[in-house]
1. Please state which one of B:104, B:19 is out of contact with any helix residue (DSSP H, G or I) (no Cβ under 7 Å at 6 or more places or on another chain), surrounded by fewer than 23 Cβ atoms within 10 Å (Cβ to Cβ), away from chain A (no Cβ under 11 Å) and part of a helix (DSSP H, G or I).
2. Would you mind finding the one in B:184, B:191 that is assigned to a helix (DSSP H, G or I) and at pLDDT 95 or above?
3. Return the total of residues in the range B:194-206 being part of a helix (DSSP H, G or I) and surrounded by 13 or more Cβ atoms within 10 Å (Cβ to Cβ).
4. Counting only residues that are surrounded by fewer than 22 Cβ atoms within 10 Å (Cβ to Cβ) and part of a helix (DSSP H, G or I), how many does the range A:73-89 have?
5. Report yes if residue B:54 is within 17 Å of residue B:19 (Cα to Cα) and in contact (Cβ under 8 Å) with a residue 60 or more places away in the chain, otherwise no.
6. So, in the range B:49-65, how many residues would count as being within 14 Å of chain A (Cβ to nearest Cβ) and either surrounded by 22 or more Cβ atoms within 10 Å (Cβ to Cβ) or part of a strand (DSSP E or B) (or both)?
7. Any idea which of (1) under 15 Å from residue B:133 (Cβ atoms); (2) more than 15 Å from the chain's Cα centre (by Cα); (3) within 12 Å of chain A (Cβ to nearest Cβ) is the one residue B:91 doesn't satisfy?
């Protein structure tokens, strides 16, 4: 086991080195980078489709979409108007790592990009351990998943800056309690910015879009 | 990377050795063992609560409930009438392994047990790689997760014997198509037994319970 742990440390430190390069490169170009994480089916791709529809004419948005198999998500993002989209098919791996992202970014012309969004593999555990060079992680949780998830998968919520509670149109169809999920998440990470969205009805998307615009502006003002 | 792969192989082969011991031990006692897997929040614990309510007086059911953090699921199962319940808190690990299960089983008196159900960590990727000594894996997918999940996370559906489509009461609240999810799953694994349940309304639970009873009987008749 010690041998396994030391190898894992080596892999993670190599990952961190590459993530550091990505972060430096993107920062020099004042590109805001988000790493979007969640369980499978929480609505990451739907949120990004809505984001492209709302902001695609205003901001230059590049997207990297990771999946274990299929490039379904990347196809959906291109259909939603994404011009700079790269799929990463991990072929079994349960998370994106910085090397995969670096290779995908090599295929994208980021010269006029304002915002880079990395859609991670649907997995509430493993992606929390891999820095991809992002400015922040955005964790989605859907209202059908149960309000105890922040307590059961704490690392992801601890390492995220934003929690988006998605599928608010389905509140009332299960025992999910909005106040309780917020309290549980803030117990794990008191600094979380929390937003509520329904990608189906559009509720709450304005706040998400405004927040994105503010963060992109702030990144541009960094010297 | 080669070094990492060879260490992973070593860890997996040690896992398989322990899983083999568990399988042999359970088979000698004619105990049916299921490994229940899914995304976070698909309803594994709810299905097991309903199972205990329906079958708890008829069969002796032992349960091992895995979570990254908290023993919430084990507590819920005990409240639902589970007499032989052990939590496994993985403390960060994204899956159960055979050693964790072997240690949990050491704490349970299985002398009159008919059925052992292992509730894995909510993760549609990593648990597919770890044999726990089960007779079969049962994968849950909820109707709010999207009907493309079998294609995007194929290993789990390929290695499962049964797919339970849960939260059928929420069909119609999203684009989820029941025929499409079945076709996608059968494209990955043509041998899947497919059932549909709503733990909320009780729809479909009778078929699940009957299937369980048949499998338990079949296991008892094995020489």
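1. After applying the criteria, what remains is B:104.
2. Result: B:184 is the single residue among B:184, B:191 that is assigned to a helix (DSSP H, G or I) and at pLDDT 95 or above.
3. Summing the residues that are part of a helix (DSSP H, G or I) and surrounded by 13 or more Cβ atoms within 10 Å (Cβ to Cβ) in the range B:194-206 gives 1.
4. Residues that pass the stated criteria total 4.
5. No.
6. Going through the range B:49-65 one residue at a time, the tally reaches 1.
7. (1)
Results for (1) facing another protein chain (nearest Cβ under 9 Å); (2) closer than 20 Å to residue A:40 by Cβ, shown as yes or no for each residue.
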position: A:115; (1), (2): no, no
position: A:122; (1), (2): yes, yes
position: A:132; (1), (2): no, yes
position: A:139; (1), (2): no, yes
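The values are calculated or read from the model by the stated rules, or taken from the named source; none is laboratory data. Nothing here was measured: the structure is a model prediction, and the numbers come from that model. Every residue, glycine among them, receives a Cβ derived from its backbone with ideal geometry; neighbour counts consider all protein chains shown.
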